[in-house]
1. Determine how large the accessible area of H35 is when every protein chain is in place; take a 1.4 Å probe and give Å² rounded to the nearest 10.
2. For segment 70-152, which GluC sites (Glu not before Pro) pass both filters: DSSP loop (anything but H, G, I, E, B) and at most 12 other C-beta atoms within 10 Å?
3. Rolling a 1.4 Å sphere over the protein heavy atoms, what is the accessible area per residue of segment 57-129, to the nearest Å²?
4. Compute the length gained on full extension between T132 and Y83: take 0.36 nm times their separation in residues and subtract their Cα-Cα distance, giving the result in nm to one decimal.
5. Can you give me the distance in nm between label points at E121 and D29, each placed 7 Å from the Cα along the Cα-to-Cβ direction?
6. Using heavy-atom solvent-accessible surface (probe 1.4 Å) with all chains present, what is the largest-first order of S144, S79?
7. Just to make sure I understand: if all protein chains stay in place, what is the order of D28, D115 by accessible area at 1.4 Å, largest first?
8. Obtain the nm distance between the two label points defined at M154 and I141 by a simple spin-label model: each point lies 7 Å from its Cα along the Cα-to-C-beta direction.
Amino acid sequence: MSLNRYDLNTDSDSRIQLLYISTAKYGDDWLSVPHTHACTELFYVQGGCGSFLVGTESFSVNKGDLIAINPMVEHTETSSQTYPLEYIVLGVKGLELSFGNGGNRQYQVSRFQPDQITQIESYLQCMLQEITEQAPGYETICQSLLNVLIVLLMRSYDQSACVLPEANHATKTSATVRRYIDE
């Protein structure tokens, strides 16, 4: 497994804050273990295919898919052996999405058109370049590009999603209950 992770130390007063950017590519040493995070994760599938297990739901993913997983939601990803999964993941503090489709959805999958894929990939590649080179102001550029990506993501949900106020996620259960009450 090829994995790179870059953490940001921003003192931004923005409510939504980029915490980290990771890249991963499936290899023989890939460990697919269900886990949670205190932040929202945005997974963008760059290549290959595989599946995600979120809670008890499993679904397939392919190049161009973006999966938003709310804080404290158990998830893991697995790869196809033939077409190895490759993705970029953003850890985002202060962002929790309510998908407004009547259920207690803990995640959302967006499937983009080819022109949107090109646009999203260019923003993500720019973020990776900025954080790798760490030229002065790279944190500001990465945060600004995250904000653009969130707007594009919200558009893909056709305005059926909303950003919920940040909560203290003491446990996975309390996060699930709070999400249910909010919806």
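1. For H35, solvent-accessible area is about 60 Å².
2. none
3. Normalised by residue count, the accessible surface of segment 57-129 is 42 Å².
4. Taking 0.36 nm per residue and subtracting the Cα distance, the gain is 15.0 nm.
5. Spacing of the two 7 Å Cα→Cβ label points: 2.7 nm.
6. Sorted by accessible area, descending: S144, S79.
7. So the residues, ranked largest to smallest area, are D28, D115.
8. So the label points at M154 and I141 sit 2.5 nm apart.
The values are calculated or read from the model by the stated rules, or taken from the named source; none is laboratory data. Remember, predicted model here, so these are calculated numbers, not experimental data. Cβ atoms come from the backbone with ideal geometry, glycine included; neighbour counts cover every protein chain shown. Protein only, heavy atoms only, side chains kept; ligands, DNA and RNA dropped before computing areas. Shrake-Rupley method; radii C 1.70, N 1.55, O 1.52, S 1.80 Å.
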